[in-house]
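Shown next, in structure tokens, is the structure this report addresses.
The values are calculated or read from the model by the stated rules, or taken from the named source; none is laboratory data. From a predicted model like this one, the values you see are computed outputs, not experimental measurements. Ideal geometry is used to build each Cβ from the backbone, glycine not excepted, and the neighbour counts take in all protein chains shown.
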Amino acid sequence: MPRPAQRLQVFTESVIREMTRIANRHQAINLAQGFPDFDPPAVLLDALTTAIRGPHHQYAITWGAPRFRNALARKHSHFSGLSIDPEKHIVTTCGSTEAMMVSMMTACDPGDKVIVFSPFYENYAADAILSGAQPIYVPLRAPDFTFDPEELRRAFASGAKAIVVCNPSNPSGKVFTREELLSIAALAEEFDTFVLMDEVYEHIVYAPHQHTVFATLPGMWERTLSCGSLSKTYSITGWRLGYVIAPEALIAQARKVHDFLTVGAAAPLQEAAVTALELPDSYYAELLREYTAKRDVMLGYLKQTGLPYTEPQGAYYVLVDISSFGFKTDMECAQWMAQEVGVAGVPGSSFFREPEHRYIRFHFAKREETLHAAGQRLVDKLKR
Ligand code: GLN
């Protein structure tokens, strides 16, 4: 048999998705792969029923159904203060997973270097490698997950073509401060680098932290590809709806990548999702209220276990320090937890470039009763 491509030898399958399969095998509560176990807003389900009965069963326009782009442009302009033109600035993708891949391939040629902060969402390294680009890593150091500006400067100076920033950050829960983002922006300007933003958790930012839309920083619109998604904000991870927002010249290139990768996102789902994008501001306030409550439930149980953990500033993940259990690897610990504790998490090492086996990542995008059940199991079995 011929040998499959070499570039596939340097990364593994997603450990996040593998942990879902392991959770299912052991009937563990799945706090591994981040997705809700509750329904999207009822109006959205009604809109889906209507859309399914409607006429939208063939390809949508490749860069997104016009009604979807119009609604997204209005929503994004409203929250960011930018003036998004639905005809020029948007390409609709199959989730932000495709949006990040499209952005990477739009920004980078084979051989280019891409700065990735570590810990990072595991797709970024794979995206870079699949694009032929080389990820170079800059650590975000616990407990605040801050970067060393000199170290970041050296990474830029090594000839980086792009930097990936996830804000709010998966898995650390970090929300970058405006000052941190300004210092990234200054380096991007100085070294003429693209910024690939993953902002899928933009509406899940806990007080007193605040989300700064990177593309709104002075001079940054021109060099930023902003990736977003409807998955987290409207609890529809299975709909696979995401987007890239960027200046016209970049979107013109990004559309080509998207066109030949997937042709388009599901047409009836784009139609239904217009209802989500038109929800009033109160929806986002309520979403945040609910996630704040979920976070408090989860952290309450973790506190009872006595294990150290990171305090999430945004997104819906928490890194728990399991080093006191003495497992050789965090994967062994995660397997044991799924099987013996009945709660699945993701071994932290899948997010780190460094050999870091101290953490298990749990997510809390679950109904409160699920969190109580999982939390009780953690307390019963892990309490120190
Ligand atoms: N973003 C979620 C996580 O980190 C789910 C990712 C996925 O599987 N597409 O768990």
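Does THR92 satisfy the condition of being part of a helix (DSSP H, G or I), in contact with a Lys or Arg (Cβ under 9 Å, 6 or more places away or on another chain) and more than 21 Å from HIS363 (Cβ to Cβ)? Full working, then the answer.
Numbers: part of a helix (DSSP H, G or I): no; in contact with a Lys or Arg (Cβ under 9 Å, 6 or more places away or on another chain): yes; more than 21 Å from HIS363 (Cβ to Cβ): yes.
When the stated conditions are applied, THR92 does not pass them.
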Cross-chain or 6+ apart pairs with Cβ under 6 Å, region 106-127 first and more than 16 Å from the ligand (Cβ to nearest atom), then assigned to a helix (DSSP H, G or I): THR106/GLN253; THR106/ALA254; THR106/VAL257; VAL114/ALA128; ILE115/ALA155
Identity of the residue in region 27-64, part of a loop (DSSP other than H, G, I, E, B) and among the hydroxyl-bearing types (Ser, Thr, Tyr), that ends up farthest from TYR316 (Cα to Cα): TYR59
Close pairs (7 angstrom Cβ cut-off, 6 or more residues apart or separate chains): among the polar types (S, T, N, Q) in region 154-173, part of a strand (DSSP E or B) and away from the ligand (no atom under 12 Å from the Cβ) anywhere: SER158/LYS113; SER158/ILE136; ASN167/MET197; SER172/LEU319
Residue pairs meeting the criteria (Cβ under 7 Å; at least 6 apart or on separate chains; first part of a loop (DSSP other than H, G, I, E, B) and at pLDDT below 95, in region 367-384; second crowded, with 16+ Cβ neighbours inside 10 Å and hydroxyl-bearing (Ser, Thr, Tyr)): LYS383/THR305; ARG384/THR305
Test: residue in region 343-362 that is at pLDDT 95 or above, in a helix (DSSP H, G or I) and away from the ligand (no atom under 16 Å from the Cβ): no
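So, ARG289, is that one touching a residue at least 12 places away in the same chain (Cβ under 8 Å), under 28 Å from LEU48 (Cα atoms) and either of a type outside the set (A, V, I, L, M, F, W, C) or within 16 Å of the ligand (Cβ to nearest atom) (or both) or not? Talk me through it step by step, then tell me what you get.
Working: touching a residue at least 12 places away in the same chain (Cβ under 8 Å): no; under 28 Å from LEU48 (Cα atoms): yes; either of a type outside the set (A, V, I, L, M, F, W, C) or within 16 Å of the ligand (Cβ to nearest atom) (or both): yes.
No, not satisfied.
Determine which member of the set ALA252, ALA334, ALA344, ALA273 is under 26 Å from THR216 (Cα atoms), under 23 Å from the mean Cα position of the chain (by Cα) and either without any contact (Cβ under 8 Å) to a residue 40 or more places away in the chain or crowded, with 19+ Cβ neighbours inside 10 Å (or both).
Only one candidate passes the filter, namely ALA273.
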Sole exception among (1) assigned to a loop (DSSP other than H, G, I, E, B); (2) under 28 Å from ARG361 (Cβ atoms); (3) not hydrophobic (A, V, I, L, M, F, W, C) for ARG17, by number: (1)
Of all residues in region 65-89 being among the small types (Gly, Ala, Ser) and in a loop (DSSP other than H, G, I, E, B), the one that is farthest from GLU202 (Cα to Cα): ALA65
Members of region 226-278 found to be β-branched (Val, Ile, Thr), over 21 Å from GLU87 (Cβ atoms) and assigned to a loop (DSSP other than H, G, I, E, B), listed by number: THR233, ILE236
Selection status of LEU307, out of contact with any helix residue (DSSP H, G or I) (no Cβ under 9 Å at 6 or more places or on another chain), within 29 Å of TYR359 (Cβ to Cβ) and away from the ligand (no atom under 16 Å from the Cβ): no
Within region 23-43, considering residues that are surrounded by fewer than 21 Cβ atoms within 10 Å (Cβ to Cβ) and among the hydrophobic types (A, V, I, L, M, F, W, C), the one nearest to the ligand (Cβ to nearest atom): PHE35
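Kindly establish whether GLU87 is acidic (Asp, Glu) and either more than 16 Å from the ligand (Cβ to nearest atom) or over 19 Å from the mean Cα position of the chain (by Cα) (or both).
Working: acidic (Asp, Glu): yes; either more than 16 Å from the ligand (Cβ to nearest atom) or over 19 Å from the mean Cα position of the chain (by Cα) (or both): yes.
Against the criterion (acidic (Asp, Glu) and either more than 16 Å from the ligand (Cβ to nearest atom) or over 19 Å from the mean Cα position of the chain (by Cα) (or both)), GLU87 qualifies.
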